[in-house]
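Below you'll find the structure, written out as structure tokens, and then a few comments.
What follows draws every value from the coordinates through simple rules; no lab data is involved. Not measured: the values here are computed from a predicted model. Neighbour counts run over all protein chains shown; Cβ positions are idealised from the backbone, glycine included.
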Amino acid sequence: MDSPNSVNSLNHTAMQLLQQLYESWAGEPCLECLALGANGSNRRYYRLVGAHAACIGAINDDVRENEAFYAFSRHLRGKGIAVPELYAVSPDRTHYLQQYLGDQTLYNLLLDNRRQGRGLDAPVVNLYRQALTDLAAIHLAGADADFSVAYPRQAFDRQSILWDLNYFKYFFLKLVHVPFDEQRLEDDFNRLADLLLQADCNYFMYRDFNPRNIMVAERLYYIDYQGARRGAAQYDVASLLYSAKSDLPEALRLDLLGHYLAARGIKGSDKQLWMSYFWAYVLVRILQAMGAYGYRGLFERKPYFIESIPLAINNLRNILDSHPLPVDLPELMAACRRVTQMAVGTSTTAPGNVPNTAPLTVSVLSFSYKQGLPTDPSGNGGGFIFDCRALPNPGRYPEYKAITGRDRPVIEFLQREPAVDHFLSHAKGLVAQSVEKYIERRFTSLQVAFGCTGGQHRSVYCAEQLAAWIAATYPDCRVDLHHREQDK
């Protein structure tokens, strides 16, 4: 049993199991096991390095999802598709090692170009063309995969479609208080599903084919297809071309769409039929993504997803204005129009720019005591400052030094510590008393700050947890989350 003085963490035990798996596979000791961040996934990833070999280790307690990944990896590699090689799997099927493909993604290249003022230059556009050529091969090569292992559904069927649309309803429309008639909206969801299912749905639907899942090494490689299932090819093309943060010009999207159709040899009447369903798939993909941005961004407060919201709204506006659907969806279109009229800010520190009539804004922030106490720009004064320095500190351990209280390994470390839960329970009780009284008295601002030594782990985690709790407990409040040191 690990002593408290070494690493008091189940996460450390999981890393040890990964290291043992590495040593069994590589035949040499693991010299480094570095935790990697993951924005939208509960899987935990690590880079394991020895004297002569390196790989990516993954930990995922959802065995059914893992089994889908194992089976699809074997199938696609057997068909010559460039997916990571699966090196080793633990006996309990929860840990696995896969090929290390470097750190460069198509999304990172796109971002670097924009930072350097180059925009979408020819090399990046050519990578998009190659990705779409490969996607055409994936759709066909994977069509005869064993979809009985697909998780959570074998096909992008009516149930899957309604899950996605309800994700948008519950985690976007309701979170930002867009009004709609629920029964009429459900009726439109079913009509939209009827249209989508008329398309040819017998392809390998990758499900999350976006630039962040395209690795750029000596060639393009494709990762994160755990959610693949049988479905329509249009969905994946929409995923790549209408990825919100990529923000591709519309003219380029249409050009790349033509490249995919040419790679598939789709033309004439077949092209007309294929396109008759495409814009409906673009719409459902945008709505699914907005549900994810609402949940991961507005609720879990993850900056990448908050920043994606205004770009997704622009995509939605473009579809509504330029590509009408061949089916009447009055309530859904009305709700979408209301969304496009929202003034959503792009700042990760001000997701409250989403329209909200709440009279009280609760500003929650993290900070480092080394950098001084926070100020209250509202001028209200008062509020709370909680000192997290008595809590167990993940920053003492090497595997957590490069990540923050937003990242899954740190979250799991702190969630296993009873002292942290005890501390937060007291903080919530004190804050609740003020929130309720402030609402009653129509006050407009309250600040709650969490401080620790570096403003990286404990304070960030506690601020995230309290912000999510306030949002869930007091839906009429606006919550403004800010990490002072991290946002620098």
Pair Ser425, Arg338: separation of 7 Å Cα→Cβ label points (nm): 4.0 nm
Within the stretch 297-314: backbone nitrogen closer than 12 Å to the Asp247 label point (7 Å, Cα to C-beta): 307-314
Among [x] 24.7; [y] 33.7; [z] 27.0, the entry derived from the coordinates for mean projected area of the Cα convex hull in nm²: [x]
Beta bridge orientation in the chain: antiparallel %, DSSP, nearest 5: 60 percent
Computed FRET value (nearest 0.05) for Trp163 with Asn314, which takes r as the C-beta separation and R₀ as 30 Å: 0.75
Rounded to whole Hz, the Karplus (6.51, -1.76, 1.60) HN-Hα couplings of the stretch 192-205, x for glycine and proline: 5, 4, 4, 5, 4, 7, 7, 6, 6, 10, 10, 10, 7, 8
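Place the peptides 169-177, 222-230 in order of packing, highest mean first, counting for every residue the other Cβ atoms within 10 Å and averaging per peptide. List each step's numbers first, then the result.
Values: 169-177: 19.3, 222-230: 21.8.
For the peptides 169-177, 222-230, the packing ranking is 222-230, 169-177.
What order do you get for Asp421, Asp236 when you list them from fewest to most C-beta neighbours inside 10 Å? Mind dumping the intermediate values first?
Numbers: Asp421 12, Asp236 27.
Neighbour counts put them in this order, fewest first: Asp421, Asp236.
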Calculated from backbone phi, Karplus (6.51, -1.76, 1.60) coupling profile of the stretch 446-454 in Hz, x at Gly/Pro: 9, 10, 10, 10, 10, x, 9, 4, x
Solitary cysteines of the chain, where the nearest other Cys Cβ is not under 4.7 Å: Cys30, Cys33, Cys55, Cys201, Cys336, Cys462, Cys477
Residues with amide H under 5 Å from that of Phe450, placed H, sequence gap 5 or more: Leu365, Ser366, Phe367, Phe386
Which listed pairs, of Lys401/Lys437; Lys428/Lys488; Lys174/Lys245; Lys174/Lys401, have C-alpha distances above 31 Å, in listed order: Lys401/Lys437; Lys174/Lys401
Three-way shape call for the stretch 98-196 based on the alpha-carbon gyration tensor, with the a/c threshold at 1.5: oblate
